[in-house]
1. For His403 and Ser301, what does the FRET efficiency come to when R0 = 41 Å and r is the distance between their Cβ atoms, rounded to the nearest 0.05?
2. Does the range 55-193 come out rounded, prolate or oblate, given a ≥ b ≥ c as the square roots of the eigenvalues of its C-alpha gyration tensor, rounded meaning a/c under 1.5 and, failing that, prolate meaning a/b above b/c?
3. Under the Kirkwood approximation for Rh and a Cα-based Rg, what ratio Rg/Rh is obtained for the range 88-134?
4. Can you pick out the pairs among Lys399/Lys447; Lys324/Lys374; Lys374/Lys436 whose Cα atoms lie more than 19 Å from each other?
5. Over the range 320-457, one equal point on each Cα, no solvent: what is log10 I(q)/I(0) by the Debye formula at q = 0.15 Å⁻¹?
6. In the range 94-144, which trypsin sites (Lys or Arg not before Pro) are in a loop and have at most 10 other Cβ atoms within 10 Å, using DSSP for the loop call?
7. Per residue of the range 438-447, in order, report the coupling 6.51 cos²θ - 1.76 cosθ + 1.60 (Karplus, θ = phi - 60°) as ³J(HN,Hα) in whole Hz, putting x for Gly and Pro.
8. Tell me which trypsin sites (Lys or Arg not before Pro) from the range 390-448 have a DSSP coil assignment and no more than 10 other beta carbons within 10 Å of their own.
Amino acid sequence: MALDKIQASGIGNNVVALHHCDWYSDAGQLDAGGLKLPVGTTGERPTVVAGGREVVTFDLNVTANVPSNDPGFLQNEPWLWTWVANYNRTSAATRVTDTSSLTFFKGSTYTFRNFTVGHGLFLRHTEKTDSNDANNVYALTAAEGITSGTQGSMASAVGSPSTIVFTIPDNYPYNQVVIQHGQTGMANVIPVTNAPTETLGYIRVNTSRLDGSDATTGTSLEYYTGQGWAGVGGSNVNGNIIAHPTGTLTTEDWNTDSGSYDWNSLSGTEEWGPGATVTAFGDAGDVSTNSDNALVAHDGSTGGGIPMMKADMSNLGTNLVNTKYSFFRSNNESLTSCTTQGANSARLSFDNAIEVGIPNIVLSDSNKIFTINKDVTNAYFKFEIKLKPSADATLQVWKNGTHLTNSDYDLDSSYHATVSWIEVANFDDTFEFRLKSTTGSITVTEKDTLLIEFIGS
């Protein structure tokens with residue numbers, strides 16, 4: 001089937017070949033093979049809808065910023081709003097009282113900074129109109145989107161605001177939010193609605209910027225995020241992929257070189273010391289790859305950036321901070337009912353945490369149960385136990401309340417033994433270590449230890 005000409009709107013599934021596609025290639029050239037990505041909302045492409053989720057901070061103030069017990073306190077003094085421009089709110093606002101243009105979107109996050117020292121800030125679903133009602137009447141809760149901050153909070157001092165963060169859930173049960181003081185009046189009722197339809201997945205070549213990633217033409221490749229256009233490899237608030245900075249400047253060693261020059265008097269002799277060294281930085285948020293092909297994150301202050309560990313750990317540094325090992329020590333204790341298979345009183349406890357390099361292992365039941373609280377799937381952990389029992393016994397490893405086959409290790413009385421076991425684990429798996437013996441009661445000492453190593457998947 002041959003199609004001679006088709007518009008972009010007519011492109012359907014399972015189309016193999018198109019001729020003269022006026023969006024995907026130049027209509028004046030047959031099978032040009034180039035993807036045409038025009039800038040902006042032109043007639044050559046679908047209309048871009050600015051929508052999606054927004055993140056906005058509002059600063060709230062009042063004219064008379066004094067404690068509420070002050071004689072000059074104005075009960076009905078309105079909020080003074082300030083916010084910056086963004087993709088939905090194209091105009092910034094500074095100390096305005098008119099909020100009629102504001103609409104909040106479900107799925108968005110709004111931060112309210114209260115700069116008033118005498119006026120408590122409340123976010124309510126219904127306006128407080130009766131002065132006899134409690135200050136927190138109709139106040140929104142965590143279930144309704146309050147993620148941090150305290151209802152009714154005030155600034156601790158002028159310039160030190162209190163903060164309430166409101167992330168509106170998709171199932172928010174109301175069609176408004178009321179920004180109000182603790183008193184009646186002084187309220188702004190802001191509508192809450194679904195977010196506008198988003199245009200996602202679009203890419204464009206922006207030819208209208210002179211600061212683009214291409215220094216000659218000023219063009220840059222951009223992608224739509226749902227919160228506006230972001231540059232690829234060019235100016236981007238989220239950080240750029242950059243060439244990895246180097247850290248050494250090759251110079252002449254003036255300390256040992258013959259001859260010198262006095263820059264001040266044009267005569268004489270000067271000794272300048274060894275060659276110069278340059279510390280190279282990337283801007284905060286930038287990423288690069290170094291000569292070891294490792295991903296490097298930049299914070300704007302660490303020379304050369306911060307290399308990320310490669311999957312095979314081949315770039316592991318000698319100054320690695322321990323995040324792989326946890327080390328525990330027992331107390332003197334007596335284990336009982338060791339003749340009974342699976343007896344809880346025959347479990348080893350490790351009460352002393354010497355090194356907690358794996359923070360997501362949680363101890364419970366008097367430090368006898370080890371729960372993997374790390375979001376891992378089929379990850380391997382190594383358990384190494386040093387133990388000196390007072391009687392001959394068999395050490396058993398238990399997982400999720402079940403004795404692991406082939407995990408038994410026979411221990412001789414009054415001798416230190418070291419036992420190793422490697423086991424795959426997932427989130428919320430539990431491990432216990434029991435002694436089984438013909439002797440009912442067995443004593444262990446404070447010299448007994450447990451080393452846990454996180455190997456990985």
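1. After rounding to 0.05, the efficiency reads 0.20.
2. Oblate is the answer for the range 55-193, as a/c is 1.5 or above yet b/c matches or exceeds a/b.
3. 0.99
4. Where the Cα-Cα span goes over 19 Å, the pairs concerned are Lys399/Lys447; Lys374/Lys436.
5. Each listed q corresponds, in turn, to -0.68.
6. Sites meeting the loop and neighbour criteria: none at all.
7. Result, ordered by residue: 7, 9, x, 10, 10, 9, 10, 10, 5, 8 Hz.
8. none
Read the figures in this text as sums done on the coordinates, not as results from a lab. Given the structure is predicted, the values throughout are model-derived calculations rather than measurements. Note that we place each Cβ from the backbone using ideal geometry, even for glycine, and neighbour counts take in every protein chain shown.
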